[in-house]
Structure formats: structure tokens, C-alpha cells
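Before we start, here is the structure in question, set down as C-alpha cells.
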Amino acid sequence: MSELARTFNDEAVAGDGAPLRIGSPLAIVLGALTLTALLYWPTSLEIAELWQDTDRRLYTHGWLVLVVTVWLIWRDRAQLASVRMTPPTAGWCLVAIGSAGWLVGFNAGLLAMTMLAMPLLALTAIWATAGAGVARRVTFALLYLYFALPVWELLNPLLQSLTTFVNLWLAQIVGIPVAMEENFIHIPAGSFEIAGGCSGVHFLIVALAIAALQGEIDRDDLRSRALLLGIAAVLALMTNWLRVFVIIVAGHLTDMQHFLVKVDHYYFGWFLFVFALGFYLYVSSRLPRGAPAAPSQAQEFTHARRRPIAAAVLSGAALALGPAWLFAGVAKVDPTRELSPPTVAGWTGPDLYLADWRPVFENADEEFLVAYHSESAGEVALYRAAYHSQSQGKELRGYYNSVLGTRYQAREFRHREVEVGRRVVPLFEQIAAGANGHDLLVWSLYTIDGKPDPMELRGQLAYGARSLLRYPTASVVAMAAECRPDCDHARDALEALVSQALPAELSGLGSK
């Protein structure tokens, strides 16, 4: 049977007596999706903004993925109606745990975590309300949403390096003088950076989404689906490599004056992708595929309605736990003393800092930036910003936050340990280049309630868990000195200030 005929046959089966009525599996599935989107509306808005981000353009296909998800569920409505609803006795407990997990991620400012939790929350609510049979029927449709959620950036570094190496090799084959430096390709006419947007990850996502959908529509076996995904991935990567290679050749032949170099090469890539997609459809139509599973015919089952109704009420309440906890303001913000720069023995200040180093920490509750002076050490700046509570768009480790600010670019960085009082405190050291021609040495650390914490994933999750009852204060402390006459002198100045200033800014430094 042809693919098109099978699709029409599925539609015909789905059309046989599967009305959308209250209490039906279809209503439960669509209701769980809608309720999840509404209850977790802060994350839903972030996802919508991600799908409309025309600067990064990585997930602009998101709305189409959502439409496909809903269509897949609607297509299988007759099969859903044939499944006996057997909700687990305490399935709502797992829903409640998932909702609390979302709140932990939300309070910790882990935007990607909250987004990735959404399909799983909906799927868990469906399982808790209608049972494993119904959940299994819609698993592919809900997991399909991950083709439009921020997990694919993890592939960017690998794909960037791969694209750089392949194009270095291609340029050498055609005789273009070429050199590679990290993700830069240098030719006599100029240089090309294989940036994140040039890695081809967007082509890969879309190609895999198309292949996965084709396998689901045709109800292929696992082997055939894996083969389709592999072919789609290879063609997507090759398309991107060809795109970058053509741009390099155009730059070489026109002394970097070609339209693709000077104006736009984004849509050129999608132009090539259309041809790659056509070739993929041609190849996939001629591949030997496993026999598709025949769609089951709708059957009528009688089942007690009380248990699904009770399960729906309990699951809905459990699904609302996290948002209700958040907006009821259960977590408290302890009153703290207002931030004020310390007085440091042996240094004059704190004074107004007039140089151009300006750390950026958006929406901080409190912050200060001051300068201290010493005859032997010169000028050292001290910065602190504090967040008495965090949420999406208001977090210490926010995407746009930077210890260096916008006027300096990091050249070197390393981890250091310094002795303060009777404790060893870990710091992050950066040497940054500025527009004034002088390097800047910056030491920084993050703290939770005044105690040093690297605020990596583990620390952020711990912060989010603690914030269920009380918001800890998350802070950044940074010190900077210009490398005059050199960075060794600046390092000595920072060490002298750290030993005096940090005890006033941190807690628990009095003992090992």
C-alpha cells in the first residue's frame, strides 16, 4: 500500500465514531495539553518567544511542530477511543513531583529545564488520568515537541568543529590557500567564522523532524525509522557543508565582495535544503521498509467512570501544585541588611569608580561599584550585586549577565584559590582586553547566603530546592585592577584587597 493510501486509510479509520466528548481519552489528552500550557504560562510565554526569535532563528519552526503534534493526536482519535482507561491508583503523586520539579527549575532560573519539562508534565498527567495505554498512544506526538525545544544547542560545538574541518579539507582540494584557527577559516581575501548559526544545527533539527514524522505516518518499524533518521541527518549536514563551502569560494573569487558574503547567506542555505529534502524524499521512497503496523480498529469498552473522573481531579490538582505554590507566595524573602561597600583598613575609599569597567547583572535587587586606593597597589574596583529572589529573567546566572560587562573581552581565564582569614576561597580569574589599550585583571565568585558557591547546575538546583520555603540571597562579588605596569602587579593589588574586603562580604570565613 502506498504512503498516501495508508495515510488516507488511517484518516478513514479515525473518522469512525470517535467523538470529542467529556471524559473520552481524546478529551483527556487535549485537556492535559491545554491545562499544562495555561498553568505554566510563564514557561509557555518563554517557549512562544523562543519560537518567534528571528535573531537566532533556531526554533522558528516551533509553531509548525505544535500543529503536527495536535494533528497526530487527532489522527489517532479512534485508536485512543479503543483503549481502556485504567489510571494508576496514586499516579497524581508523580504529577505533583514533576510540578514541584518545575518550580525548582523556575526558582533557580533554569529556563531550558522548565521548557523541557513541559511535554513530560503533560504526558505524566495523561498517564495519571487515563492510564498507561492512553499515554503510550500519544507518547510519540508529545515527544515530537522536543524538535522545537532548546536541547539541540548541545550539538553546536561538535557541529561547528566538524563544519570547520570539512571546509578546510574542501578548500585545500580545490586549491584555495587556507588556514584554520579554532572556528575561523582564513583565506587570502579574508576570514570566515564558523559561528553557532553556521553549525547546521537548524537544518539537522528540521531534517530529523521530517524523517521522524514520515516514519510515524507510515507506521514503520524501528529499523526503518532509524534508517530514515540517519539519511536525513547526513543530508542535512552535507547541505550545510556545501553552503559554507560555496560562500568561501564566492569570497575567494570576488575578494569578499559577493552578495553571499556581504549581505545574506541564511536563505541561501534553505534554498539548498529544499533540494536536499527533495532528494531525501526520492531516496526514502525507494528504500526497503519494514512492514507497517496495521492501525487497530476502534472498539467499544465499558469502564467505570468514577475512577477516571477522580483521577482527573487529583491529577489536575497535582499539576497545579507548582504554579499555585509560586503565585501564592509560599516562599519567603528574609529581610536582609542593605548592601553597602565595606571600609578596608590600609585603603582609602570607598570612592566613586570612574573607569570604564561596568559588570552587567540585569534586574539585581541591590548592587554597588566602588573604588579603593593604595599608594603601593594603586586603584582596585569592588563590585557586588545581590538577588534576594530569582525567577526567569531575574537570575544571577542570566544569559546576558557578565562580570566583564560590554567593554571588555576575555583573553585568558583560570581558577584560583586565595587564603582569606583561615579559609581557602576559590575565585575565577580573567584577563580582559579593553578599548583603552590596557588589560584588566578581574577576580570574581558567586555566593549563596554569603557562602562561596560556583552556581553550576548542581548548585542552581540546590538553590531552587531551598527556595521552595525561603529564597536564599544569591550574589556575585568581583574585583578588578588594571594591568599597570603588568598583570602581576594587578594580581598583588587584588590579593591585598581580598584579604581585607572579602570577610565583610562573605559569611563563614572565620573557621575552616
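The values are calculated or read from the model by the stated rules, or taken from the named source; none is laboratory data. Please read these numbers as outputs of a predicted model, since none were measured by experiment. In this analysis, Cβ positions are derived from the backbone assuming ideal geometry, glycine residues included, and neighbour counts consider all displayed protein chains.
Considering only the stretch 378-397, state which residues are in a strand (DSSP E or B) and either of a type outside the set (V, I, T) or out of contact with any strand residue (DSSP E or B) (no Cβ under 6 Å at 6 or more places or on another chain) (or both).
G378, E379, A381, L382, Y383, R384, A385, A386, Y387, S391, K394
Conditions (1) at pLDDT below 90; (2) among the acidic types (D, E); (3) within 22 Å of the chain's Cα centre (by Cα), marked per residue:
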| position | (1), (2), (3) |
| --- | --- |
| R384 | no, no, no |
| Y387 | no, no, yes |
| Q390 | yes, no, yes |
| S402 | no, no, yes |
| H438 | yes, no, no |
| V442 | no, no, no |
| M455 | yes, no, yes |
| A465 | no, no, yes |
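Identify, by number, the condition in (1) touching a residue at least 12 places away in the same chain (Cβ under 8 Å); (2) surrounded by fewer than 15 Cβ atoms within 10 Å (Cβ to Cβ) that E417 doesn't meet.
(1) is the only condition that E417 fails.
Working only within the stretch 40-50, note down all residues that are crowded, with 18+ Cβ neighbours inside 10 Å, modelled with pLDDT of 95 or more and closer than 20 Å to A209 by Cα.
Matches in the stretch 40-50: I47 only.
Got at least one residue in the stretch 453-460 being free of Cβ contacts under 8 Å to residues at least 40 places away in the same chain, in a strand (DSSP E or B) and more than 20 Å from D365 (Cβ to Cβ)?
The answer is no, given that none of the residues of the stretch 453-460 is free of Cβ contacts under 8 Å to residues at least 40 places away in the same chain, in a strand (DSSP E or B) and more than 20 Å from D365 (Cβ to Cβ).
Here's a follow-up. Select from the stretch 51-84 the residues that are surrounded by fewer than 17 Cβ atoms within 10 Å (Cβ to Cβ) and of a type in the set (D, E) and write down the one among them that is farthest from Y144 (Cα to Cα).
Only one residue tops the list, namely D55.
Residues being more than 16 Å from the chain's Cα centre (by Cα) and assigned to a helix (DSSP H, G or I): count how many of those fall in the stretch 45-90.
Summing the residues that are more than 16 Å from the chain's Cα centre (by Cα) and assigned to a helix (DSSP H, G or I) in the stretch 45-90 gives 18.
Yes/no per residue for (1) in contact with a Gly (Cβ under 8 Å, 6 or more places away or on another chain); (2) among the aliphatic types (A, V, I, L, M):
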{"position": "E419", "(1), (2)": "no, no"}
{"position": "P426", "(1), (2)": "no, no"}
{"position": "I431", "(1), (2)": "no, yes"}
{"position": "L440", "(1), (2)": "yes, yes"}
{"position": "L445", "(1), (2)": "no, yes"}
{"position": "I448", "(1), (2)": "yes, yes"}
{"position": "A465", "(1), (2)": "no, yes"}
{"position": "L468", "(1), (2)": "no, yes"}
{"position": "A478", "(1), (2)": "no, yes"}
